[in-house]
Amino acid sequence: EVQLVESGGGLVQPGGSLRLSCEASGFMFSRYSINWVRQAPGKGLEWISYISDTSRTIYYADSVKGRFTISRDNAKNSVFLQMTRLRAEDTAVYFCARDPDDPHKRVFDLWGQGTLVAVSS
Amino acid sequence: IQLTQSPSSLSASVGDRVTITCRASEVMSSYFAWYQQKPGKAPKLLIYGVSTLESGVPSRFSGSGSGTHFTLTISGLQPEDFATYYCQQMNIYPPITFGQGTRLEIK
């Protein structure tokens, strides 16, 4: 089955750290870019990070730059999001999403089910 | 680039034709998409490249537009279409941006 599965979410105190994982199956993972998108409770979608297929290109939203680090291990079909100095406003469901990174198809065509991160004391 | 969707919410009946609009703060080319999200679920891709229907998506969904004005039209609403819809641009990034969402409710 073609899918993305996130894990690693949970409750963390402000200032703490958490590492999210996104594991792919059913497709040639190393050929795709991967993005992280989050959704605060009752709010819309916010893109937060992108990593290209070879890890050569990485981008972050200003809201997480300097605090979050994206990485990938193509041998393990996985992308990671290391989150540090967490704030209450980072509370959200975090989704990973596949990007074909193709000139004919630039879009998020496959999403994971999401993992909830709650930042609270 | 900022994307502004309208309306923010919409009430309609089964069988209706509805149109959701997304306006961009700058002129964009073809990397424009629409997603559907139901409560507690991940977003689902409907339309990409402004007007290309994703495989498996019913033909009652259609997208159009150019420049700064883009639309999603649903012709003949079905019960399963009541959800929140988001537009997205990947023309100029970072950041990749989404509209704020349009909630489609049953009248």
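The values are calculated or read from the model by the stated rules, or taken from the named source; none is laboratory data. All values reported here derive from a predicted model rather than from experimental measurement. Here Cβ is always computed from backbone atoms with ideal geometry, including for glycine, and neighbour counts include all displayed protein chains.
Just one of the listed residues (A:Ser21, A:Ser71, A:Ser55) is away from chain B (no Cβ under 14 Å), outside any strand (DSSP E or B) and among the hydroxyl-bearing types (Ser, Thr, Tyr), and it is A:Ser55.
Residue pairs whose Cβ atoms lie under 9 Å apart, sitting 6 or more positions apart in sequence or on different chains, and linking a residue in segment B:28-44 that is under 17 Å from A:Arg98 (Cβ atoms) to a partner that is surrounded by 21 or more Cβ atoms within 10 Å (Cβ to Cβ) and of a type in the set (Lys, Arg), are B:Tyr31/A:Arg106; B:Ala33/A:Arg106. Across segment B:21-35, the qualifying residues are those that are within 14 Å of chain A (Cβ to nearest Cβ), of a type in the set (A, V, I, L, M, F, W, C) and under 14 Å from the mean Cα position of the chain (by Cα), and the one among them that is nearest to B:Gly76 (Cα to Cα) is B:Trp34.
The condition of being under 16 Å from B:Leu45 (Cβ atoms) and β-branched (Val, Ile, Thr) holds for only one of A:Ile70, A:Ile58, A:Ile34, A:Ile51, that being A:Ile34. As a summary of the residue check, A:Trp47 satisfies the conditions (1) surrounded by 15 or more Cβ atoms within 10 Å (Cβ to Cβ); (2) outside any strand (DSSP E or B); (3) free of Cβ contacts under 8 Å to residues at least 24 places away in the same chain except for the one numbered (2). When every residue of segment B:39-52 is checked against the conditions, at least one turns out to be of a type in the set (D, E, K, R) and modelled with pLDDT of 95 or more. For segment A:29-42, a tally of residues being free of Cβ contacts under 8 Å to residues at least 12 places away in the same chain and either surrounded by 22 or more Cβ atoms within 10 Å (Cβ to Cβ) or of a type in the set (D, E, K, R) (or both) returns 0.
Within segment B:26-38, the set of residues being at pLDDT below 95 and among the hydroxyl-bearing types (Ser, Thr, Tyr) comprises B:Ser29, B:Ser30, B:Tyr31. From A:Phe27, A:Phe108, A:Phe95, which residue is outside any loop (DSSP other than H, G, I, E, B) and among the hydrophobic types (A, V, I, L, M, F, W, C)? Result: A:Phe95 is the single residue among A:Phe27, A:Phe108, A:Phe95 that is outside any loop (DSSP other than H, G, I, E, B) and among the hydrophobic types (A, V, I, L, M, F, W, C).
Consider segment B:78-95 and keep the residues that are at the interface with chain A (Cβ under 8 Å from one of its Cβ atoms) and modelled with pLDDT of 95 or more. The one that is surrounded by the most Cβ atoms within 10 Å (Cβ to Cβ) is B:Gln88.
Comparison of B:Gly40, B:Gly65, B:Gly49 shows that the only residue that is facing chain A (nearest Cβ under 10 Å) and touching a Ser or Thr at 6+ places or on another chain (Cβ under 7 Å) is B:Gly49. Taking strands (runs of 3 or more DSSP E) as the structural unit, those lying wholly within segment B:1-64 and holding at least 2 residues that are surrounded by fewer than 17 Cβ atoms within 10 Å (Cβ to Cβ) correspond to B:3-6, B:9-12, B:17-28.
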